[in-house]
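Taking it in order: structure first as structure tokens, then the write-up.
The values are calculated or read from the model by the stated rules, or taken from the named source; none is laboratory data. It should be emphasised that the depicted structure is a prediction, and the values quoted were computed from it without experimental measurement. Backbone-built Cβ (ideal geometry, glycine too); neighbour counts: all protein chains shown.
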Amino acid sequence: MKKLYFTVLLILPSLLIAQTTINLQDSEENISGGAYEFTASSADAVDVPFEIKNTGGGDVAWRITRLKVDVPASWSDFICWGHATDQFGGTCFSASQMNANPWTTPQGTSFSVAPDEYGKLKVTISPTEGATGLGHYRYYVSNDGVNYIDSVDIKFDYSLSVEEVEPISVSIVPNPASDYIQVNLEGVATAEMKMVDVLGSEVLNQTVSTASTFDISNFRNGVYIMSFSAPASKSIVRKVIVKH
């Protein structure tokens, strides 16, 4: 059984202003900078097809960079990347070719995408039988393999026992904030909260309840990421902007 739900994830500060949209094939919902998450109880390979559209004013020749954020060592993956009109699905790169982390499609395999056209990215993930866990992958879009303009994440939860779980419901006010933030929690009595800056340095790590207030008056201006987790619930991530 596979389940689909979406969550907002961190968009790294190195991303340029995107002139793209990213959606699952046959879906109109733009999930640029977000994630496709699913759970499966078998080790069968899973294909995840994306469409990446050029919403800018000129032709582009994108490259794709795959980053294994946190993946069980025995799992494998490969991609196919090509223009939407390519009847063969573009150029496919095997797991043995994608032997670096991060790994970027070679420059010679780029192709031109005109405004309002799109490229097709098919990701195939193959977990190892019995090697359960969460595989977290990120796919960057760039013109040169370095300066990323957009991204999308895949989080594949392979579990031998799949149970229905609900995400934690969290609201944070005010946002942007200068002196304090109030975290309002629903769906669970308590949750573990971690807050990190854009460099990954932890600035808060506490248990929160229904309504918790935190002093941020000494925090530097910038973007912070707050993650919340609780037993039998899907973890959730929120972005907070501190502006004095």
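Which ones in segment 70-93 are loosely packed, with under 14 Cβ neighbours inside 10 Å and closer than 22 Å to Asp157 by Cα? Across segment 70-93, the qualifying residues are Asp70, Ala73, Ser74.
Check segment 223-230 and report whether any residue there is assigned by TED's automatic domain parsing to the domain that holds Val170, modelled with pLDDT of 90 or more and part of a strand (DSSP E or B). There is no residue in segment 223-230 that is assigned by TED's automatic domain parsing to the domain that holds Val170, modelled with pLDDT of 90 or more and part of a strand (DSSP E or B). What is the residue count in segment 46-64 for residues that are within 17 Å of the chain's Cα centre (by Cα) and assigned to a loop (DSSP other than H, G, I, E, B)? Residues meeting the conditions: 0.
Residue by residue, here is whether (1) in a loop (DSSP other than H, G, I, E, B); (2) aliphatic (A, V, I, L, M); (3) modelled with pLDDT of 95 or more holds:
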| position | (1), (2), (3) |
| --- | --- |
| Arg66 | no, no, yes |
| Val69 | no, yes, no |
| Ser74 | yes, no, no |
| Trp81 | no, no, yes |
| Asp86 | yes, no, no |
| Gly89 | yes, no, no |
| Met98 | yes, yes, yes |
| Phe111 | yes, no, no |
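Apart from one condition, Ala43 fits all of (1) under 23 Å from Pro102 (Cβ atoms); (2) touching a Gly at 6+ places or on another chain (Cβ under 8 Å); (3) not in a strand (DSSP E or B); the exception is (1). Could you go through segment 210-232 and let me know if any residue there is acidic (Asp, Glu) and in contact (Cβ under 8 Å) with a residue 40 or more places away in the chain. No, every residue in segment 210-232 fails to be acidic (Asp, Glu) and in contact (Cβ under 8 Å) with a residue 40 or more places away in the chain. Here Phe219 meets the list (1) more than 30 Å from Asn23 (Cβ to Cβ); (2) within 17 Å of the chain's Cα centre (by Cα); (3) aromatic (Phe, Trp, Tyr) almost entirely, failing just condition (2).
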